[in-house]
Amino acid sequence: MSPIQPFHPAWIEIDAFQLESNIQEIRKKVEGRKICLPVKANAYGHGIQQVAKIAEEIGVDYLAVFCLQEALEIRQAKISLPILIFGSIHEQEVDLLLESNFEFTISSQYKANLIAKRYNPSFPKCKVHLEVDMSMRRTGVRPENLKDLVDHIEKLGCFEIVGIYSHLASADEPNHLETLEQIASFQKWVAPYRNNGWMIHLANSSALLHYPSSWNDMVRPGLLSYGYFPAFMQEKNKDEKILPCLSLKAQISYFKVVEPGFGVSYGHCYRPRDRTRVVTIPVGYADGYRRALWDKAFVLIRGKKYPIAGVICMDQMMVDIGQQEAFVGEEVTLIGQEGDQKIFCDELAFYLGSTVYELLSGLGKRIPRIVKKQLIS
Ligand SMILES: *Cc1c(COP(=O)(O)O)cnc(C)c1O
(Lines give C-alpha, C1' and ligand atoms only; values in the text may rest on other atoms or scores of the structure.)
Protein backbone atom coordinates (compact mmCIF):
# COMPACT_ATOMS: atom_id res chain seq x y z
CA MET A 1 0.00 0.00 0.00
CA SER A 2 1.30 3.42 -0.86
CA PRO A 3 0.97 6.03 1.85
CA ILE A 4 -1.79 8.60 1.46
CA GLN A 5 -0.52 11.54 -0.57
CA PRO A 6 -1.23 14.88 1.07
CA PHE A 7 -2.75 17.44 -1.25
CA HIS A 8 -0.24 19.69 -2.98
CA PRO A 9 -1.44 22.82 -4.81
CA ALA A 10 0.90 22.29 -7.80
CA TRP A 11 1.22 19.13 -9.86
CA ILE A 12 2.75 17.64 -12.98
CA GLU A 13 0.43 15.79 -15.34
CA ILE A 14 1.81 13.05 -17.52
CA ASP A 15 -0.27 12.33 -20.59
CA ALA A 16 0.24 8.56 -20.88
CA PHE A 17 -1.54 8.48 -24.23
CA GLN A 18 0.90 11.00 -25.70
CA LEU A 19 3.93 9.22 -24.25
CA GLU A 20 2.73 5.96 -25.75
CA SER A 21 2.03 7.55 -29.09
CA ASN A 22 5.52 9.15 -29.14
CA ILE A 23 7.10 5.77 -28.50
CA GLN A 24 4.92 4.13 -31.15
CA GLU A 25 6.07 6.76 -33.68
CA ILE A 26 9.67 6.00 -32.76
CA ARG A 27 9.02 2.26 -33.03
CA LYS A 28 7.58 2.74 -36.52
CA LYS A 29 10.63 4.72 -37.55
CA VAL A 30 13.26 2.27 -36.35
CA GLU A 31 11.21 -0.79 -37.27
CA GLY A 32 12.42 -3.98 -35.63
CA ARG A 33 14.91 -2.40 -33.26
CA LYS A 34 14.46 -2.76 -29.53
CA ILE A 35 13.56 0.36 -27.59
CA CYS A 36 15.34 1.34 -24.43
CA LEU A 37 13.67 4.22 -22.61
CA PRO A 38 16.07 6.30 -20.52
CA VAL A 39 14.33 7.15 -17.24
CA LYS A 40 17.33 8.68 -15.51
CA ALA A 41 16.93 11.94 -13.60
CA ASN A 42 13.40 11.10 -12.50
CA ALA A 43 12.50 10.21 -16.09
CA TYR A 44 13.59 13.65 -17.30
CA GLY A 45 11.41 15.14 -14.58
CA HIS A 46 8.32 13.12 -15.56
CA GLY A 47 8.43 10.80 -12.54
CA ILE A 48 10.56 7.67 -12.69
CA GLN A 49 8.07 5.20 -11.21
CA GLN A 50 5.12 6.57 -13.16
CA VAL A 51 6.98 6.50 -16.47
CA ALA A 52 8.51 3.07 -15.82
CA LYS A 53 5.05 1.70 -15.18
CA ILE A 54 3.69 3.15 -18.43
CA ALA A 55 6.77 1.84 -20.27
CA GLU A 56 6.08 -1.67 -19.03
CA GLU A 57 2.43 -1.49 -20.02
CA ILE A 58 3.18 -0.33 -23.56
CA GLY A 59 5.89 -2.89 -24.22
CA VAL A 60 9.11 -0.89 -24.11
CA ASP A 61 11.98 -3.41 -24.12
CA TYR A 62 14.44 -1.84 -21.71
CA LEU A 63 14.74 0.94 -19.17
CA ALA A 64 17.97 2.82 -18.55
CA VAL A 65 19.03 4.82 -15.53
CA PHE A 66 22.18 6.56 -14.45
CA CYS A 67 22.72 5.00 -11.04
CA LEU A 68 21.84 2.17 -8.69
CA GLN A 69 19.53 4.35 -6.60
CA GLU A 70 17.33 4.98 -9.63
CA ALA A 71 17.28 1.31 -10.56
CA LEU A 72 16.13 0.44 -7.03
CA GLU A 73 13.36 3.01 -7.22
CA ILE A 74 12.00 1.24 -10.29
CA ARG A 75 12.14 -2.17 -8.66
CA GLN A 76 10.29 -0.77 -5.64
CA ALA A 77 7.44 -0.01 -8.02
CA LYS A 78 7.41 -3.75 -8.91
CA ILE A 79 8.41 -3.21 -12.51
CA SER A 80 10.23 -6.14 -14.00
CA LEU A 81 11.61 -4.73 -17.28
CA PRO A 82 15.35 -5.14 -17.68
CA ILE A 83 17.17 -2.09 -16.35
CA LEU A 84 20.54 -0.93 -17.63
CA ILE A 85 22.63 1.34 -15.43
CA PHE A 86 24.62 3.73 -17.64
CA GLY A 87 26.85 5.23 -14.95
CA SER A 88 30.20 3.91 -13.81
CA ILE A 89 30.08 1.56 -10.86
CA HIS A 90 31.77 2.47 -7.59
CA GLU A 91 33.42 0.15 -5.13
CA GLN A 92 30.97 0.96 -2.31
CA GLU A 93 27.98 -0.28 -4.28
CA VAL A 94 29.40 -3.57 -5.54
CA ASP A 95 27.72 -5.78 -2.92
CA LEU A 96 24.30 -4.34 -3.60
CA LEU A 97 24.88 -4.65 -7.35
CA LEU A 98 25.77 -8.33 -6.94
CA GLU A 99 22.54 -8.99 -5.05
CA SER A 100 20.36 -7.19 -7.56
CA ASN A 101 19.74 -8.33 -11.09
CA PHE A 102 20.33 -5.03 -12.82
CA GLU A 103 22.38 -4.88 -15.98
CA PHE A 104 25.24 -2.48 -15.62
CA THR A 105 28.05 -0.88 -17.57
CA ILE A 106 31.65 -2.01 -17.53
CA SER A 107 34.07 0.37 -19.12
CA SER A 108 37.47 -0.76 -17.87
CA GLN A 109 39.34 -3.80 -16.60
CA TYR A 110 39.69 -2.00 -13.27
CA LYS A 111 35.91 -1.83 -12.81
CA ALA A 112 35.52 -5.45 -13.87
CA ASN A 113 38.04 -6.46 -11.21
CA LEU A 114 36.10 -4.59 -8.51
CA ILE A 115 33.16 -6.86 -9.21
CA ALA A 116 35.16 -10.05 -9.62
CA LYS A 117 36.84 -9.57 -6.22
CA ARG A 118 33.48 -9.62 -4.40
CA TYR A 119 31.71 -12.16 -6.58
CA ASN A 120 31.02 -15.61 -5.30
CA PRO A 121 29.82 -18.49 -7.43
CA SER A 122 26.47 -18.76 -5.63
CA PHE A 123 25.46 -15.48 -7.29
CA PRO A 124 23.96 -15.41 -10.74
CA LYS A 125 26.36 -14.05 -13.34
CA CYS A 126 26.41 -10.26 -13.70
CA LYS A 127 24.82 -9.11 -16.92
CA VAL A 128 26.92 -6.30 -18.32
CA HIS A 129 27.12 -3.96 -21.27
CA LEU A 130 30.60 -2.85 -22.30
CA GLU A 131 30.94 0.82 -23.05
CA VAL A 132 33.20 2.02 -25.82
CA ASP A 133 34.23 5.66 -26.01
CA MET A 134 33.82 6.87 -29.58
CA SER A 135 33.86 10.63 -28.93
CA MET A 136 32.62 11.77 -25.54
CA ARG A 137 35.86 11.24 -23.53
CA ARG A 138 33.54 10.65 -20.59
CA THR A 139 33.53 6.95 -19.78
CA GLY A 140 34.22 3.87 -21.88
CA VAL A 141 37.22 1.99 -23.22
CA ARG A 142 38.96 3.14 -26.32
CA PRO A 143 37.75 1.01 -29.21
CA GLU A 144 41.23 -0.37 -29.80
CA ASN A 145 41.14 -1.78 -26.24
CA LEU A 146 37.72 -3.40 -26.58
CA LYS A 147 39.12 -6.80 -27.49
CA ASP A 148 41.39 -6.86 -24.43
CA LEU A 149 38.46 -5.89 -22.21
CA VAL A 150 36.28 -8.64 -23.67
CA ASP A 151 39.03 -11.23 -23.19
CA HIS A 152 39.69 -10.07 -19.65
CA ILE A 153 36.02 -10.16 -18.69
CA GLU A 154 35.50 -13.60 -20.17
CA LYS A 155 38.49 -14.87 -18.16
CA LEU A 156 37.05 -13.52 -14.89
CA GLY A 157 34.10 -15.86 -15.30
CA CYS A 158 31.55 -13.90 -13.29
CA PHE A 159 30.06 -11.91 -16.14
CA GLU A 160 27.59 -12.51 -18.90
CA ILE A 161 28.19 -9.89 -21.57
CA VAL A 162 24.82 -8.89 -23.04
CA GLY A 163 25.69 -5.74 -24.93
CA ILE A 164 28.22 -3.27 -26.27
CA TYR A 165 27.37 0.39 -26.60
CA SER A 166 28.65 3.92 -27.04
CA HIS A 167 27.30 7.46 -26.90
CA LEU A 168 27.92 10.15 -29.51
CA ALA A 169 29.05 13.69 -28.73
CA SER A 170 27.69 15.61 -31.73
CA ALA A 171 24.76 13.66 -33.13
CA ASP A 172 22.46 16.68 -32.81
CA GLU A 173 24.19 18.14 -35.86
CA PRO A 174 22.88 16.50 -39.02
CA ASN A 175 25.46 15.40 -41.63
CA HIS A 176 28.33 16.00 -39.24
CA LEU A 177 31.38 14.44 -40.83
CA GLU A 178 33.10 13.35 -37.62
CA THR A 179 29.89 11.82 -36.29
CA LEU A 180 29.51 9.80 -39.50
CA GLU A 181 33.10 8.62 -39.08
CA GLN A 182 32.53 7.74 -35.42
CA ILE A 183 29.47 5.66 -36.30
CA ALA A 184 31.32 3.84 -39.08
CA SER A 185 34.25 3.21 -36.76
CA PHE A 186 31.97 1.90 -33.99
CA GLN A 187 30.35 -0.50 -36.44
CA LYS A 188 33.76 -1.76 -37.49
CA TRP A 189 35.00 -2.33 -33.91
CA VAL A 190 31.86 -4.17 -32.77
CA ALA A 191 31.48 -6.27 -35.94
CA PRO A 192 33.36 -9.29 -34.50
CA TYR A 193 30.81 -9.56 -31.66
CA ARG A 194 27.59 -9.31 -33.63
CA ASN A 195 27.17 -13.06 -33.83
CA ASN A 196 27.59 -13.57 -30.08
CA GLY A 197 24.00 -12.52 -29.51
CA TRP A 198 25.22 -9.39 -27.78
CA MET A 199 23.08 -6.32 -28.23
CA ILE A 200 24.83 -3.50 -30.02
CA HIS A 201 23.41 -0.04 -29.29
CA LEU A 202 24.45 3.52 -29.97
CA ALA A 203 21.60 5.90 -30.87
CA ASN A 204 20.18 8.55 -28.54
CA SER A 205 17.37 10.82 -29.79
CA SER A 206 19.53 12.90 -32.12
CA ALA A 207 21.33 9.92 -33.61
CA LEU A 208 17.96 8.22 -34.11
CA LEU A 209 16.68 11.26 -36.01
CA HIS A 210 19.75 12.11 -38.06
CA TYR A 211 21.82 8.94 -38.39
CA PRO A 212 19.95 5.75 -39.35
CA SER A 213 23.32 3.99 -39.62
CA SER A 214 23.57 4.27 -35.82
CA TRP A 215 20.38 2.36 -35.01
CA ASN A 216 21.84 -1.15 -34.56
CA ASP A 217 19.93 -3.63 -32.35
CA MET A 218 18.45 -1.14 -29.91
CA VAL A 219 17.89 2.63 -29.75
CA ARG A 220 17.90 4.74 -26.57
CA PRO A 221 15.77 7.82 -27.22
CA GLY A 222 15.15 9.89 -24.11
CA LEU A 223 14.18 13.43 -25.04
CA LEU A 224 12.29 12.36 -28.16
CA SER A 225 10.18 9.86 -26.24
CA TYR A 226 9.14 12.66 -23.92
CA GLY A 227 8.06 14.63 -26.97
CA TYR A 228 10.87 17.12 -27.48
CA PHE A 229 13.36 17.49 -30.30
CA PRO A 230 17.07 17.99 -29.72
CA ALA A 231 18.84 21.13 -30.94
CA PHE A 232 18.93 21.91 -34.68
CA MET A 233 15.36 20.62 -35.01
CA GLN A 234 13.50 23.87 -34.42
CA GLU A 235 12.22 23.76 -37.98
CA LYS A 236 10.36 20.49 -37.38
CA ASN A 237 7.18 19.50 -39.20
CA LYS A 238 3.98 21.32 -38.33
CA ASP A 239 2.06 18.07 -38.32
CA GLU A 240 4.60 16.35 -36.14
CA LYS A 241 3.00 13.59 -34.09
CA ILE A 242 5.68 13.53 -31.44
CA LEU A 243 4.57 16.02 -28.79
CA PRO A 244 5.36 16.87 -25.16
CA CYS A 245 3.54 14.75 -22.61
CA LEU A 246 4.24 16.78 -19.47
CA SER A 247 2.24 19.71 -18.07
CA LEU A 248 3.00 21.73 -14.97
CA LYS A 249 -0.12 23.09 -13.31
CA ALA A 250 -1.09 24.76 -10.07
CA GLN A 251 -4.03 26.28 -8.26
CA ILE A 252 -4.18 30.01 -7.65
CA SER A 253 -3.49 30.42 -3.95
CA TYR A 254 -4.19 34.14 -3.49
CA PHE A 255 -5.75 37.15 -5.17
CA LYS A 256 -5.11 40.84 -4.59
CA VAL A 257 -5.37 44.26 -6.17
CA VAL A 258 -2.14 46.22 -6.54
CA GLU A 259 -2.34 50.02 -6.64
CA PRO A 260 -0.39 52.01 -9.28
CA GLY A 261 3.31 52.36 -8.53
CA PHE A 262 3.40 49.73 -5.80
CA GLY A 263 6.06 47.05 -6.19
CA VAL A 264 5.57 43.30 -6.33
CA SER A 265 7.96 40.62 -4.96
CA TYR A 266 11.59 40.92 -3.79
CA GLY A 267 13.31 44.16 -4.72
CA HIS A 268 10.09 45.52 -6.19
CA CYS A 269 11.44 44.89 -9.69
CA TYR A 270 7.84 44.89 -10.95
CA ARG A 271 5.73 48.04 -10.42
CA PRO A 272 2.46 48.22 -12.35
CA ARG A 273 1.67 51.67 -13.73
CA ASP A 274 -2.07 51.08 -13.48
CA ARG A 275 -4.22 49.53 -10.82
CA THR A 276 -4.08 45.81 -11.55
CA ARG A 277 -5.03 42.39 -10.27
CA VAL A 278 -2.31 40.03 -9.17
CA VAL A 279 -2.65 36.34 -8.33
CA THR A 280 -0.17 34.20 -6.43
CA ILE A 281 0.83 30.74 -7.65
CA PRO A 282 2.44 28.15 -5.38
CA VAL A 283 5.38 27.28 -7.68
CA GLY A 284 8.86 28.74 -7.36
CA TYR A 285 12.45 28.20 -8.35
CA ALA A 286 12.78 25.40 -5.78
CA ASP A 287 10.35 23.51 -8.02
CA GLY A 288 12.59 24.07 -11.03
CA TYR A 289 10.68 27.03 -12.43
CA ARG A 290 13.80 29.07 -12.83
CA ARG A 291 14.12 32.54 -11.32
CA ALA A 292 15.50 34.08 -14.51
CA LEU A 293 12.17 33.47 -16.26
CA TRP A 294 10.43 36.19 -14.31
CA ASP A 295 10.64 38.98 -16.90
CA LYS A 296 10.24 36.69 -19.91
CA ALA A 297 7.75 33.91 -19.37
CA PHE A 298 3.98 33.74 -19.24
CA VAL A 299 1.45 31.41 -17.65
CA LEU A 300 -1.98 30.36 -18.90
CA ILE A 301 -5.21 31.12 -17.05
CA ARG A 302 -8.58 30.48 -18.70
CA GLY A 303 -6.75 29.92 -21.99
CA LYS A 304 -4.96 33.28 -22.03
CA LYS A 305 -1.33 34.23 -21.40
CA TYR A 306 -0.40 36.50 -18.50
CA PRO A 307 3.03 37.80 -17.50
CA ILE A 308 4.82 36.96 -14.29
CA ALA A 309 4.85 39.94 -11.90
CA GLY A 310 8.14 40.40 -10.09
CA VAL A 311 10.95 37.99 -9.36
CA ILE A 312 10.10 34.37 -8.74
CA CYS A 313 10.42 33.34 -5.10
CA MET A 314 11.62 29.99 -3.82
CA ASP A 315 8.10 28.54 -3.54
CA GLN A 316 5.78 31.06 -5.17
CA MET A 317 5.37 33.57 -7.93
CA MET A 318 2.92 36.34 -8.77
CA VAL A 319 1.11 36.86 -12.07
CA ASP A 320 -0.45 40.08 -13.37
CA ILE A 321 -3.91 39.33 -14.78
CA GLY A 322 -4.74 42.96 -15.60
CA GLN A 323 -8.48 43.55 -15.44
CA GLN A 324 -9.35 39.87 -15.90
CA GLU A 325 -11.09 37.72 -13.40
CA ALA A 326 -9.57 34.65 -11.76
CA PHE A 327 -10.46 33.01 -8.48
CA VAL A 328 -8.48 31.38 -5.76
CA GLY A 329 -8.47 27.64 -6.48
CA GLU A 330 -8.60 28.09 -10.24
CA GLU A 331 -6.15 26.17 -12.40
CA VAL A 332 -3.04 27.77 -13.93
CA THR A 333 -0.84 26.13 -16.59
CA LEU A 334 2.86 26.95 -16.35
CA ILE A 335 3.96 24.33 -18.87
CA GLY A 336 1.47 22.79 -21.26
CA GLN A 337 -1.49 23.68 -23.39
CA GLU A 338 -4.87 25.37 -22.86
CA GLY A 339 -6.99 25.54 -25.99
CA ASP A 340 -4.74 26.80 -28.78
CA GLN A 341 -2.27 28.44 -26.40
CA LYS A 342 0.90 26.51 -25.64
CA ILE A 343 3.86 26.99 -23.34
CA PHE A 344 6.42 24.23 -23.76
CA CYS A 345 9.87 23.73 -22.35
CA ASP A 346 11.67 24.57 -25.60
CA GLU A 347 10.29 28.11 -25.30
CA LEU A 348 11.36 28.41 -21.65
CA ALA A 349 14.77 26.91 -22.42
CA PHE A 350 15.21 29.45 -25.19
CA TYR A 351 14.51 32.34 -22.79
CA LEU A 352 17.09 30.92 -20.40
CA GLY A 353 19.77 30.12 -22.96
CA SER A 354 19.44 26.59 -21.64
CA THR A 355 18.15 23.27 -22.93
CA VAL A 356 14.95 21.29 -22.55
CA TYR A 357 17.07 18.58 -20.89
CA GLU A 358 18.16 20.92 -18.12
CA LEU A 359 14.69 22.34 -17.57
CA LEU A 360 12.83 19.04 -17.45
CA SER A 361 15.36 17.27 -15.25
CA GLY A 362 15.36 20.25 -12.91
CA LEU A 363 11.64 19.97 -12.11
CA GLY A 364 11.45 19.48 -8.36
CA LYS A 365 10.64 16.26 -6.56
CA ARG A 366 8.12 17.91 -4.26
CA ILE A 367 5.61 18.34 -7.08
CA PRO A 368 3.49 15.19 -7.40
CA ARG A 369 3.41 13.48 -10.80
CA ILE A 370 -0.07 12.45 -11.86
CA VAL A 371 -0.70 10.15 -14.80
CA LYS A 372 -3.61 11.25 -16.98
CA LYS A 373 -5.48 9.51 -19.76
CA GLN A 374 -5.82 5.99 -20.96
CA LEU A 375 -3.26 4.17 -23.02
CA ILE A 376 -3.86 3.33 -26.65
CA SER A 377 -3.25 -0.40 -26.16
C1 LIG B 1 20.79 10.12 -21.54
C2 LIG B 1 21.34 9.12 -22.46
C3 LIG B 1 20.63 8.78 -23.61
C4 LIG B 1 19.37 9.50 -24.07
O5 LIG B 1 19.72 10.73 -24.63
P6 LIG B 1 18.62 11.64 -25.37
O7 LIG B 1 19.40 12.71 -26.00
O8 LIG B 1 17.70 12.13 -24.32
O9 LIG B 1 17.92 10.77 -26.35
C10 LIG B 1 21.14 7.75 -24.39
N11 LIG B 1 22.28 7.12 -24.06
C12 LIG B 1 23.00 7.45 -22.97
C13 LIG B 1 24.25 6.72 -22.66
C14 LIG B 1 22.56 8.47 -22.13
O15 LIG B 1 23.27 8.80 -21.05
Worksheet item: Between Y351 and E31, 0.36 nm times their residue separation minus their Cα-Cα distance comes to what?
Response: 111.6 nm
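GluC sites (Glu not before Pro) within the range 136-236: which are DSSP loop residues with at most 14 other Cβ atoms inside 10 Å? Write down the numbers at each step before the final one.
Numbers: sites: E144, E154, E160, E178, E181, E235; in loops: E235.
Passing both the DSSP loop test and the Cβ count: E235.
How much FRET efficiency would the formula 1/(1 + (r/R0)^6) give for D295 and L72, where r is the Cβ-Cβ distance and R0 is 41 Å, rounded to 0.05? Walk me through the numbers before you get to the answer.
Numbers: r = 41 Å, r/R0 = 1.01.
Given R0 = 41 Å and the Cβ-Cβ separation, E is 0.50.
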Practice prompt. Return the distance in nm (one decimal) between the two label points of a simple spin-label model at R194 and D274, each offset 7 Å from Cα along Cα→Cβ.
Written response: 6.9 nm
Worksheet entry | Environment charge at V190 (Cβ cut-off 12 Å; Lys +1, Arg +1, Asp -1, Glu -1) | +1
Item to complete: Would you please state which residues of the range 114-145 a label at K155 would reach in this model, taking the label point 7 Å out along Cα→Cβ and a backbone N cut-off of under 16 Å?
Response: 114-117, 145
Fill in: Under-5 Å amide H pairs with C126, H placed in peptide plane, nonlocal only
F159, E160
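Using a 1.4 angstrom probe on heavy atoms only, work out the carbon and sulfur share of the accessible area of the range 243-337 in %. All intermediate terms of the calculation are to be shown ahead of the outcome.
Numbers: 2300 of 4420 Å².
The computed percentage sits at 52.
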Worksheet item: Restricting to the chain, what percent of DSSP beta bridges are antiparallel, rounded to 5?
Response: 50 percent
Item to complete: Roll a 1.4 angstrom probe over the protein heavy atoms and tell me the percent of accessible area of the range 1-141 that is carbon or sulfur.
Response: 52 percent
Worksheet, complete the sentence: Regression test value, accessible area per residue of the chain, probe 1.4 Å, units Å², expected 48 Å²
Worksheet item: With every protein chain present, what accessible area does L72 have (1.4 Å probe, heavy atoms only), rounded to the nearest 10 Å²?
Response: 60 Å²
Discussion item. Above 21 Å lies some portion of the pair distances; for the range 20-89, what is it as a whole percent of all C-alpha pairs?
Written reply: 20 percent
Response to the item:
Loop-resident trypsin sites (Lys or Arg not before Pro) in the range 147-238 with no more than 16 other Cβ atoms inside 10 Å, DSSP not H/G/I/E/B, are K236, K238
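Loop only per DSSP, at most 11 neighbouring Cβ atoms within 10 Å: give me the chymotrypsin sites (Phe, Trp or Tyr not before Pro) in the range 266-373, ordered by residue number.
Values: sites: Y266, Y270, Y285, Y289, W294, F298, F327, F344, F350, Y351, Y357; in loops: Y289, W294, F327, F344.
Those satisfying the criteria are F327.
Taking R0 as 25 Å, what FRET efficiency do you get between V328 and K373 from their Cβ-Cβ distance, rounded to the nearest 0.05? Kindly include the intermediate steps, with their values, before the conclusion.
On the way: r = 27 Å, r/R0 = 1.10.
Given R0 = 25 Å and the Cβ-Cβ separation, E is 0.35.
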Discussion item. Could you compute Rg(Cα) / (2.2 N^0.38 Å) for the chain, with N its residue count?
Written reply: 1.12
Worksheet item: Over what distance in Å are the Cα centres of the range 280-323 and the range 65-102 separated?
Response: 38 Å
Worksheet, complete the sentence: Under the 7 Å Cα-to-Cβ spin-label approximation, K127 and A231 lie apart by a distance in nanometres of 3.5 nm
Worksheet item: What is the gain in length, in nm to one decimal, between I4 and K241 on full extension, counting 0.36 nm per residue of separation less the C-alpha to C-alpha distance?
Response: 81.7 nm
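The values are calculated or read from the model by the stated rules, or taken from the named source; none is laboratory data. Model, not experiment: these values are computed from the prediction. Reconstructed Cβ throughout: ideal geometry from the backbone, glycine too, with neighbour counts over all protein chains shown. Keep in mind that these areas ignore ligands, DNA and RNA; they rest on the heavy atoms of the full protein, side chains included. Shrake-Rupley method; radii C 1.70, N 1.55, O 1.52, S 1.80 Å.
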